[in-house]
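The values are calculated or read from the model by the stated rules, or taken from the named source; none is laboratory data. Keep in mind that what you see is a predicted model, and the values were worked out from it rather than measured. Note that each Cβ is placed from the backbone with ideal geometry, even for glycine, and that neighbours are counted across all protein chains shown. Heads up: the accessible areas ignore ligands, DNA and RNA and are worked out on the full protein's heavy atoms, side chains in. Shrake-Rupley method; radii C 1.70, N 1.55, O 1.52, S 1.80 Å.
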Amino acid sequence: MFPLMPRMNIFLIRHAESESNVDLSVHSHTPDPAIRLSPQGYKQAIQLGEALGPLLLTPSNQYRHPTRIMVSPYRRTRETLEGMGIGSRGNPNNNNASDMVKSADKIHENIALREIEYGVFDGISVEDRPIKLPLEHACYQRHLDHEGWVYARMPLGESPADVVGRAKLVLHDIERAYRNRVKQLIIVSHSQTIRCLRMEMEEENVQWLNNEPGPANTSVHLYTFNGINY
């Protein structure tokens, strides 16, 4: 009989509503890594902290188990984490209170968790691509038609298949956290990156990635990891 393996809970979270989720034209003047949360998004992040706090923290706002946080370095994910910390205090106005961010054993800004890179298309709407960048758009469209969405790489950017490659690096970081006896791992990332990470964790295929819708803002997917399987 095999010995009982310890388990680590993984909370996979998409950032709260961003300014570009409300108005895509934000991309035209703000680089993707610098896009911040909308006012409603910040409220969503606080509400998420209010919901998760009682599940993860003791009454004195300390984690019940060793906990680590991994977050994309983009502004909207860091602001989501900030809002979650505020919400988890119980009294958001108490700036001196400990919270789920301050109480974590370690916070790692993991660059592999960044959103898919749009390359030369960053800041240009889908409708404007053939007008402003006709050659690049034609090249990308050829790859879309010939290879499909998962494999077509945006000029100087990435394809979803490239993001899957980054997701494999994140799995190594998850395994390292497990070896370091972390019992709770909070990951805050982006829609496309979360889909690709879920594909690897659930051992799904390309067809699944094609069909799976993006997660909603502040959605939480909970996984357990026993050192072998998710």
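Could you tell me whether Gln207 is out of contact with any helix residue (DSSP H, G or I) (no Cβ under 7 Å at 6 or more places or on another chain) and of a type in the set (S, T, N, Q)?
Taking the combined requirement at face value, the residue satisfies it.
Determine the pairs where a residue that is under 13 Å from Phe121 (Cα atoms) and touching a residue at least 24 places away in the same chain (Cβ under 8 Å), located within the range 15-30, has a partner that is open to solvent by less than 70 Å² (accessible area, probe 1.4 Å) and part of a loop (DSSP other than H, G, I, E, B) with Cβ atoms under 6 Å apart, the partner being 6 or more residues away or on another chain.
From residues that are under 13 Å from Phe121 (Cα atoms) and touching a residue at least 24 places away in the same chain (Cβ under 8 Å), the pairs are His27/Gly123; Ser28/Gly123.
Only one of these conditions is not met by Asn93: (1) open to solvent by 60 Å² or more (accessible area, probe 1.4 Å); (2) at pLDDT 90 or above. Which number is it?
(2)
Across the range 1-28, which residue is most open to solvent (accessible area, probe 1.4 Å) among those that are of a type in the set (Gly, Ala, Ser) and modelled with pLDDT under 95?
Ser28
Among the residues of the range 191-209, is any small (Gly, Ala, Ser) and closer than 18 Å to Ile111 by Cα? Break it down into steps so the answer makes sense when it comes.
First, pick out the residues of the range 191-209 that are small (Gly, Ala, Ser): 191.
Next, from what is left, pick out any that are closer than 18 Å to Ile111 by Cα: 191.
Yes - at least one qualifying residue is present in the range 191-209.
Filter the range 144-184 for residues that are under 13 Å from the mean Cα position of the chain (by Cα) and under 19 Å from Phe11 (Cβ atoms) and give the result.
Passing the criteria: Ala167, Val170.
Out of curiosity, is Gln141 at negative phi and either buried (at least 20 other Cβ atoms within 10 Å of the Cβ) or in contact (Cβ under 8 Å) with a residue 24 or more places away in the chain (or both)?
So Gln141 fails the test.
Being aromatic (Phe, Trp, Tyr) and touching a Ser or Thr at 6+ places or on another chain (Cβ under 9 Å) is the filter here, so list the residues in the range 125-159 that pass it.
Trp149, Tyr151
How many of the residues in the range 104-157 are farther than 21 Å from Ile35 by Cβ and touching a Leu at 6+ places or on another chain (Cβ under 7 Å)?
2
So Val71 passes all but one of these: (1) modelled with pLDDT of 90 or more; (2) open to solvent by 10 Å² or more (accessible area, probe 1.4 Å); (3) not small (Gly, Ala, Ser). Which condition number does it fail?
Against the list (1) modelled with pLDDT of 90 or more; (2) open to solvent by 10 Å² or more (accessible area, probe 1.4 Å); (3) not small (Gly, Ala, Ser), Val71 comes up short only on (2).
Among residues belonging to the range 115-133 that are within 27 Å of the chain's Cα centre (by Cα) and among the acidic types (Asp, Glu), point out the one that is least open to solvent (accessible area, probe 1.4 Å).
Filtering first and then ranking leaves Glu115.
Taking Leu135 as the residue in question, decide whether it is within 16 Å of Ile13 (Cα to Cα), among the hydrophobic types (A, V, I, L, M, F, W, C) and at pLDDT 95 or above.
no
Applying the selection to the range 29-59, what residues are open to solvent by 80 Å² or more (accessible area, probe 1.4 Å) and modelled with pLDDT under 90?
His29, Pro54, Leu55, Pro59
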